[in-house]
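Working notes, beginning with the structure itself.
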Amino acid sequence: MKETKKMRVFSLGIQHVLAMYAGAILVPLLVGRALNLTAEQLAYLVSIDLLTCGIATWLQARKGKYLGIGLPAVLGSSFVAVTPMIAIGSQYGIPAIYGSIIAAGLFIVIFAVFFSKIVKLFPPVVIGTVVTIIGLALIPTGIKNMAGGANSENFGSLDNLALSFGVLLFILILNRYARGFVKSLAVLLGIIVGTLIAAIMGKVNFASVQEASWFHLPQPFYFGWPTFEIGPIITMIIVGTVVIIESTGVFMALSKICDQPINEQDLARGYRAEGLAFVLGGIFNAFPYNTFAQNVGLVQLSKVKTTNVVVAAGGILVFLGLIPKVAAFATIIPSAVLGGATVVLFGMVVSSGIKMLQNVDFGKQSNLLIVACSVSLGLGVTAVPDLFAQLPQSIRIIVSDGIITGSLSAILLNVFFNLALKKENLPIQPVQAQEAHT
């Protein structure tokens, strides 16, 4: 009987790993390729990411005195950090990325109680807007990959377009006709099938898989000792704040699903766990981590609400992270295949944000202005990154990322309208027909 129970927990743990695997490996692949890492370095980045995902999940699952929210949450590398990491690495070098991640993690750990007390600053209008901006800012990266990746020699070739749109179509077909758990794995299955087709087309090089070892131990500061630059540190602290906003929404959703109310102390423990996950990511040259929303759906689907399942998932991730051969398989995925999958993933992020905004009272002019200005600035900076080119570099690194600019706008405008002024917002006046026509 005990063996059967253990096997059930293990199988459910594998389901959680599979549900988050595509999202977990995409971040190191996107960042690593943008920074022109070698195949060996990219394999290390993927493997250490999986290992740190597992450790971070353990930290969050355990409800201790100071650490862990004690909900069935799975942590993965945050999409929010993709463009800031690339920008920091391009301007200051890779060691500056990890110095900023460590500093941001320590900041979150120290100020976790403060964040838990100002959670009212993150109402649905802020969380929904931030999540929407994250998806919108990342979509151009997915589109470039559909064409073969930025600066690729065969950018926009028919082969790349056929692969990417084929993957997109396959994912959509699975979502239309598949059921249950298979449907939740649509993106991962799309990547696998797309890579197999690309291999048949001769577009996959297995050399990195053959050369990868079967086992390795994590190596602190693999890319060199971290450097601490003020601009990147402030940027990553803002990333950490955005991650906390995003995770707060996930914590609330899990709390409702599991019938487990959470208070300020629980939130503070959850934030500390994510801050410590940041620090681990910086030490082992991995990534900032946040609670993955896609695993919330699996908790609801499986009806298993205990943390032992995600603890098992964490163990599986740690095991996979110790095997570079597994990570090397991820590095051979063609950019066009990734593009077809990321367009879906990033588009779903946008959809999730819009869904959160359904709970917002848009009868208040202030809420309309918060969404309008934040999305406009976030998307505008993404489309025109040279908008702040004349600013000093230390300031430019902070505001030249659409996710950060848009998120800061949402937070500050919410404070301005809903807290600082403390005035009742007037309902929107109907637009006259003549004005609307004009």
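Throughout, read-outs are computed from the coordinates displayed, never taken from laboratory work. Note that the structure is predicted; figures quoted are calculated from it, not measured. In this analysis, Cβ positions are derived from the backbone assuming ideal geometry, glycine residues included, and neighbour counts consider all displayed protein chains.
Relative contact order (percent) for the stretch 217-363, with alpha-carbon contacts under 8 angstrom and 6 or more residues of separation? Intermediate values should be presented prior to the final figure.
Details: 54 pairs, mean separation 37.3, N = 147.
Normalised by residue count, the contact order of the stretch 217-363 is 25 percent.
Let me spell out the model: positive unit charges on the Cβ of Lys and Arg, negative unit charges on the Cβ of Asp and Glu, origin at the Cα centre of the stretch 132-217. What dipole size does that give, in debye rounded to 20?
Roughly 400 debye, rounded to the nearest 20.
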- [ ] For the stretch 94-105, just list the computed ³J(HN,Hα) in residue order, Karplus coefficients 6.51, -1.76 and 1.60, θ = phi - 60°, integers in Hz, with x standing in for Gly and Pro.
- [x] 4, x, 5, 4, 7, x, 5, 5, 4, 4, 5, x
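What's the tally of Lys pairs in the stretch 55-158 whose alpha-carbon atoms lie under 24 angstrom apart, where the two lysines are 8 or more places apart or on different chains?
On the way: Lys63/Lys117; Lys63/Lys120; Lys65/Lys117; Lys65/Lys120.
Step by step, the pairs that qualify in the stretch 55-158 add up to 4.
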TODO: Compute the distance in nm between two label points, each set 7 Å from the Cα along the Cα-to-Cβ direction, one at Phe362 and one at Lys305.
DONE: 3.2 nm
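Which whole-number percent gives the relative contact order of the chain, counting Cα pairs below 8 Å spaced six or more residues apart?
Result for the chain is 34 percent.
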Task: Additional length obtainable on full extension of the chain from Met348 to Lys120, 0.36 nm per residue less Cα span - done: 79.5 nm
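When the chain is fully extended, how far beyond the present Cα-Cα distance does Ile257 get from Phe206, taking 0.36 nm per residue of separation?
Numbers: separation 51, 0.36 × 51 = 18.36 nm, distance 4.28 nm.
Extra length from Ile257 to Phe206 when fully extended: 14.1 nm.
Within 11 Å, Cβ to Cβ, of Ile333, how many net charges do the neighbouring residues add up to if Lys/Arg are +1 and Asp/Glu are -1?
On the way: positive: Arg33, Lys203; negative: none.
Around Ile333, the charge tally is +2.
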- [ ] Go ahead and run the numbers for FRET between Phe155 and Gln390, Cβ-Cβ distance against an R0 of 25 Å, rounding to 0.05.
- [x] 0.25
Task: Value at 222 nm in deg cm²/dmol, rounded to 500, when DSSP H runs of n ≥ 4 in the chain each add -39,500 (n - 2.57) - done: -22500 deg cm²/dmol
TODO: Enumerate the amide H contacts of Leu75 below 5 Å, restricted to partners 5 or more residues apart or on another chain; note that Pro and chain-start residues carry no placed amide H.
DONE: Thr57, Phe292
